[in-house]
Every structure is written in C-alpha cells, then in structure tokens.
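Each remark here refers to the structure printed beneath this line.
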Amino acid sequence: MALKVKDFESALKSLEDIVAQLEGGDLTLDRALELFEEGVKVSRYCTTRLEEAERKVELLVKSADGSWKESPFSAETEEGQER
C-alpha cells in the first residue's frame, strides 16, 4: 500500500481518519490490520517531517551583552527555559 499524502497536514488528517475508523470497531480483522499498517506508515512520515522541521528551526537568543545571536533549536528553549 503506497503512502498517499502530499504534506504534513494531509498526513495528520489521514492519521486522524484512520484512528477514527479503527476506534469505530466495525471493521473486519483484515481491514483493521490494513488500516493499522497504513497508520504506522503515516505516523512515521509525520515523525520524519517533524524531525526535519526541528533541525531547521533556529531561535534568536539574546546574549548577556544584549546582542541577538542565532542558536539551534533545542527542547530546553522550546520549554521556555533561557540559555
């Protein structure tokens, strides 16, 4: 089954649809397994895209002397902790 998503937003919508169908419980075992497999692929796509975006994000951080400098993205700065 080929992954049929164009971008992150459509992949996320697809994943939401898959989850809704699986939660509905009105599927045959074979269909549920197909959807689960597709969901795993879409989830991996989303994770990859998020990791790529994270690597590209750079934050401007004010240094001690008051100047601004570029700094690579990190989970610490995302959580609002200053460097």
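When the residues of the range 46-66 are filtered to those that are surrounded by fewer than 11 Cβ atoms within 10 Å (Cβ to Cβ) and part of a loop (DSSP other than H, G, I, E, B), which remaining residue is modelled with the highest pLDDT?
The qualifying residue modelled with the highest pLDDT is Asp65.
For the range 25-39, how many residues meet the condition of being over 20 Å from Ser10 (Cα atoms), of a type outside the set (A, V, I, L, M, F, W, C) and either touching a helix residue (DSSP H, G or I) at 6+ places or on another chain (Cβ under 8 Å) or modelled with pLDDT of 95 or more (or both)? Don't jump to the end; show me each part of the working.
First pass over the range 25-39, keeping only residues over 20 Å from Ser10 (Cα atoms): 25-33.
Of the ones still in play, those that are also of a type outside the set (A, V, I, L, M, F, W, C) are 25-26, 28, 30-31.
This time we only want the ones that are either touching a helix residue (DSSP H, G or I) at 6+ places or on another chain (Cβ under 8 Å) or modelled with pLDDT of 95 or more (or both), so: 28, 30-31.
Residues flagged as over 20 Å from Ser10 (Cα atoms), of a type outside the set (A, V, I, L, M, F, W, C) and either touching a helix residue (DSSP H, G or I) at 6+ places or on another chain (Cβ under 8 Å) or modelled with pLDDT of 95 or more (or both) within the range 25-39 amount to 3.
Within the range 1-34, which residues are touching a residue at least 24 places away in the same chain (Cβ under 8 Å) and outside any loop (DSSP other than H, G, I, E, B)?
Once the filter is applied, which keeps residues that are touching a residue at least 24 places away in the same chain (Cβ under 8 Å) and outside any loop (DSSP other than H, G, I, E, B), the range 1-34 yields Phe8, Ala11, Leu12, Ser14, Leu15, Ile18, Glu34.
The values are calculated or read from the model by the stated rules, or taken from the named source; none is laboratory data. Everything numeric in this text was worked out from a predicted model, so none of it was measured. A quick note on method: Cβ atoms are made from the backbone with ideal geometry, for glycine too, and the neighbour counts reach across all protein chains shown.
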